[in-house]
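The values are calculated or read from the model by the stated rules, or taken from the named source; none is laboratory data. These figures come from a predicted structure and were not determined experimentally. Cβ placement follows ideal geometry from the backbone for every residue including glycine, while neighbour counts extend to all protein chains displayed. What goes into the accessible areas is simple: the full protein's heavy atoms, side chains included, and nothing from ligands, DNA or RNA. Shrake-Rupley method; radii C 1.70, N 1.55, O 1.52, S 1.80 Å.
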Amino acid sequence: MADLKHSILMVSDFFYPNFGGVESHIYYLSQCLLKLGHKVVVMTHAYGNRSGVRYMTGGLKVYYVPWRPFLMQNTLPTFYGTLPVIRTILIREKISLVHGHQAFSTLCHEALMHARTMGYKVVFTDHSLYGFADVGSIHMNKVLQFTLADVTRAICVSHTSKENTVLRSGLPPEKVFVIPNAVDTAMFKPAQERLGHNEIVIVVISRLVYRKGADLLVEVIPEVCRLYPNVRFIVGGDGPKRVRLEEMREKHSLQDRVEMLGAVPHASVRSVLISGHIFLNSSLTEAFCIAILEAASCGLLTVSTRVGGVPEVLPDDMIVLAEPDPSDMVQAIKKAISILPKIDPQVMHDRMKRLYNWNDVAKRTEIVYKRALKCSDQSLLESLSRYLSCGAWAGKLFCLVMIIDFLLWRLLELWQPAKDIEEVPDVFLPRDQDGENIEGFR
């Protein structure tokens with residue numbers, strides 16, 4: 001295929017059938033890169049009985065390697081256990097660049113490490129924000145420093161996320177690009193008929209965990225219900241903090257005004273969103289927030305905490321920001337209710353179509369790939385010098401890890417030479433002039 005530019009391996013522990021911001025980002029980015037003529041392969045761990053090679057829409061090939069999740073959908077760190085299978089996939093698929101996603105992902109860190117050992121160009125996308133003071137963040141930041149010490153280029157989803165990543169990893173700012181997320185506006189459309197304002201419905205769709213501000217909801221919801229008898233809440237999502245919300249509902253006798261839906265499948269998110277007027281996001285930390293984009297695309301006015309990259313997501317007339325404090329959030333909801341009659345869902349949806357587009361994200365990511373592939377190749381000694389600068393003790397440990405990885409790779413080359421690994425023939429689905437699959441080949 002004449003216009004084929006790159007063969008890209010996307011790697012993360014987080015992918016379909018799991019649903020979330022990272023999973024959506026990888027899926028939609030991969031689909032748009034396929035339309036641009038690139039070859040894209042995804043590598044993730046097995047989900048239940050979903051193991052082996054699967055094909056998704058548009059001919060997207062997914063390797064579900066037979067590793068089971070250990071904690072929070074992450075595989076158990078093995079350092080070198082994944083080297084043989086990653087090497088085989090890289091050779092079989094004729095990969096030219098490896099793109100890892102999410103600092104939480106063990107599989108991502110190991111794949112980037114092995115790819116750099118083998119001389120591949122690597123790109124890393126960070127989807128989250130981390131602190132600097134607690135024990136977990138300190139350890140995670142050291143792991144990120146190790147991974148990014150020899151990364152070719154990095155991408156962050158907001159300017160706040162870029163500042164956070166640069167500070168945590170010590171990566172030169174000129175190596176880090178900012179490319180925001182997007183939303184599938186064809187999926188998230190407003191309701192055909194506008195809702196009346198006799199009853200105002202506030203929608204919350206989130207994992208009910210501390211980081212997503214579930215404890216704030218416990219204090220905000222009863223106060224809003226007290227101030228506005230015509231307000232009703234719909235809460236979608238599950239998690240350890242659901243019990244607190246259930247207790248709040250019982251304590252304040254709000255069973256008829258607070259509807260708890262539990263976990264909401266991604267295919268049903270739109271149907272929940274279009275039943276409301278206001279979308280409430282109470283996150284305590286957020287690098288971006290795809291949920292806000294989905295709500296705005298459905299025509300909902302957003303009320304959100306002013307944290308992380310959230311202020312960068314929407315124009316001021318489409319969102320009301322508040323500090324992560326119950327009283328301030330109540331005031332923000334009061335303001336949102338007052339300006340609600342001025343909101344036209346269809347106009348908001350049309351603006352979102354112009355502001356956020358996955359094709360635009362793919363084209364900007366393509367530019368990062370081109371710059372990464374133009375970088376000169378580094379010898380092992382040059383790479384070790386960068387790892388050595390990661391700390392007095394950590395630097396030496398990182399060098400030892402990479403030297404062992406290099407030796408194991410050379411042993412694999414002797415035991416099973418690359419020429420003995422069969423390359424997979426490339427299969428391209430017929431596409432029209434717009435890059436869409438021709439009917440019958442989808």
Practice task
Could you check how many residues of region 374-401 are closer than 20 Å to A115 by Cβ and touching a Ser or Thr at 6+ places or on another chain (Cβ under 7 Å)?
Solution key: 1
Practice task
State the number of residues belonging to region 135-147 that are more than 14 Å from P77 (Cβ to Cβ) and either open to solvent by 80 Å² or more (accessible area, probe 1.4 Å) or touching a residue at least 60 places away in the same chain (Cβ under 8 Å) (or both).
Solution key: 3
Exercise for the section: Starting from region 108-132, keep only residues that are without any contact (Cβ under 8 Å) to a residue 60 or more places away in the chain and assigned to a helix (DSSP H, G or I), then list their pairs with residues that are open to solvent by less than 30 Å² (accessible area, probe 1.4 Å) and polar (S, T, N, Q) whose Cβ atoms are within a distance under 9 Å, requiring at least 6 positions of separation or different chains. Expected result: H109/T147; E110/T75; E110/T82
Practice task
Would you please list the contacts, defined by Cβ atoms under 9 Å and residues six or more apart or on different chains, that run from a residue in region 169-185 that is at positive phi to a residue that is buried (at least 21 other Cβ atoms within 10 Å of the Cβ) and in a loop (DSSP other than H, G, I, E, B)?
Solution key: G170/A149
Practice task
Could you look through region 13-46, keep only residues that are under 12 Å from the mean Cα position of the chain (by Cα) and within 21 Å of L373 (Cβ to Cβ), and pick out the one that is surrounded by the fewest Cβ atoms within 10 Å (Cβ to Cβ)?
Solution key: L29
Practice task
Name the single residue, out of those in region 257-276 being open to solvent by 40 Å² or more (accessible area, probe 1.4 Å) and part of a helix (DSSP H, G or I), that is farthest from E23 (Cα to Cα).
Solution key: S271
Practice task
For region 424-442, enumerate the residues that are touching an Asp or Glu at 6+ places or on another chain (Cβ under 8 Å) and either in the same structural domain as I95 (by the TED database) or at pLDDT 75 or above (or both).
Solution key: V424
Problem - Extreme residue, farthest from V401 (Cα to Cα), among residues of region 374-390 that are open to solvent by 60 Å² or more (accessible area, probe 1.4 Å) and free of Cβ contacts under 8 Å to residues at least 12 places away in the same chain - result: K374
